[in-house]
1. With a 1.4 Å probe and all protein chains left in place, how much accessible area per residue does the chain have, in Å²?
2. Ignoring any ligand, DNA or RNA, what whole percent of the accessible area of the chain comes from carbon and sulfur when the probe is 1.4 angstrom?
3. Please report the net charge: other residues with Cβ closer than 14 Å to the Cβ of Ala48, K and R +1, D and E -1.
4. For segment 36-51, in order, what is each residue's ³J(HN,Hα) by Karplus, 6.51 cos²θ - 1.76 cosθ + 1.60 with θ = phi - 60°, in whole Hz (x at glycine and Pro)?
5. For labels at Leu34 and Val53 in the simple 7 Å Cα→Cβ model, what's the distance in nm?
6. Please state the Cα pair-distance histogram of the chain with 5 angstrom bins from zero: what percent is in each bin?
Amino acid sequence: MHDLHGMPLRKLVEVARYVHRLSETAERERAEVLRETHGFLDERDGQAFEQAVENSRRLEDHG
């Protein structure tokens, strides 16, 4: 983050677009995995998986 402070606006826009694309790619990949695995887990394993996904998202949101 510190390195961003000295960047010109054009470079900041490039960085922002890159980060946004990464976020979209990760979300698309998650959705694909969920579609591919739908119906393969029993109730208990499904709940454990949902909890793991939620924990992962919390970690991503808070670093």
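The values are calculated or read from the model by the stated rules, or taken from the named source; none is laboratory data. Just so we're clear, the structure is a prediction, and the values are computed from it rather than from any experiment. Virtual Cβ from ideal backbone geometry, glycine too; neighbours counted across all protein chains shown. Only protein heavy atoms, including side chains, enter the accessible area calculation; ligands, DNA and RNA are left aside. Shrake-Rupley method; radii C 1.70, N 1.55, O 1.52, S 1.80 Å.
1. 96 Å²
2. 56 percent
3. In short, -4.
4. My calculation for segment 36-51 gives 5, 9, 4, x, 8, 9, 6, 4, 5, 5, x, 5, 5, 5, 4, 5 Hz in order.
5. Label-label distance for Leu34 and Val53, simple model: 0.4 nm.
6. Values per bin, smallest distances first: 3, 14, 16, 19, 15, 11, 8, 6, 5, 3, 0.
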